């Protein structure tokens, strides 16, 4: 299993972020974190991080959150196929220690995967067509 985090696994351009913000098909929300996701046509999941200074005051804390988010994403990427994901920090996220952040991200990936599965089921089992 490839655990790299190359450019093909990242949202890089403002247009890619805008696509997720404007057309999010599933989300996972917690008190310190919001994950928005949209299905993509890529072969793998991609991650974008929005860790605002307003919500995580200190640079060392912002960097810690981003590092742990990337690491956790790399380990859970196989479960999140074909999703563009944006992680949005909320107030208080920088105050969590490393262990709490790992647990939080693990739970958020699970919840996002569950929401994506639910979206796929409702999309694929739409109303029956009446072609009589």
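Of the residues examined, residue 102 is one that is surrounded by 13 or more Cβ atoms within 10 Å (Cβ to Cβ), modelled with pLDDT of 95 or more and in contact with a helix residue (DSSP H, G or I) (Cβ under 8 Å, 6 or more places away or on another chain).
Based on what the data block shows, is residue 55 touching a strand residue (DSSP E or B) at 6+ places or on another chain (Cβ under 6 Å), farther than 22 Å from residue 123 by Cβ, surrounded by fewer than 20 Cβ atoms within 10 Å (Cβ to Cβ) and in contact (Cβ under 8 Å) with a residue 24 or more places away in the chain? Reasoning before the result, please.
On the way: touching a strand residue (DSSP E or B) at 6+ places or on another chain (Cβ under 6 Å): yes; farther than 22 Å from residue 123 by Cβ: yes; surrounded by fewer than 20 Cβ atoms within 10 Å (Cβ to Cβ): yes; in contact (Cβ under 8 Å) with a residue 24 or more places away in the chain: yes.
Against the criterion (touching a strand residue (DSSP E or B) at 6+ places or on another chain (Cβ under 6 Å), farther than 22 Å from residue 123 by Cβ, surrounded by fewer than 20 Cβ atoms within 10 Å (Cβ to Cβ) and in contact (Cβ under 8 Å) with a residue 24 or more places away in the chain), residue 55 qualifies.
Yes or no: residue 22 over 18 Å from residue 114 (Cβ atoms) and exposed (fewer than 14 other Cβ atoms within 10 Å of the Cβ)? The answer is yes for residue 22.
To keep it simple, each residue is scored yes or no on (1) farther than 23 Å from residue 23 by Cα; (2) over 12 Å from the mean Cα position of the chain (by Cα).
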position	(1), (2)
54	yes, yes
67	yes, yes
73	no, no
78	no, yes
81	no, no
84	no, no
94	yes, yes
111	no, no
115	no, no
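Applying the set (1) in a strand (DSSP E or B); (2) in contact with a helix residue (DSSP H, G or I) (Cβ under 9 Å, 6 or more places away or on another chain) to residue 88 leaves exactly one unmet item: (2).
From the list 75, 102, pick out the single residue that is in a helix (DSSP H, G or I) and in contact (Cβ under 8 Å) with a residue 40 or more places away in the chain. The conditions single out 75.
The values are calculated or read from the model by the stated rules, or taken from the named source; none is laboratory data. Predicted, not measured: the structure shown is a model, and the values here were computed from it. So basically every Cβ, Gly included, is an ideal-geometry build from the backbone, and we count neighbours across all protein chains shown.
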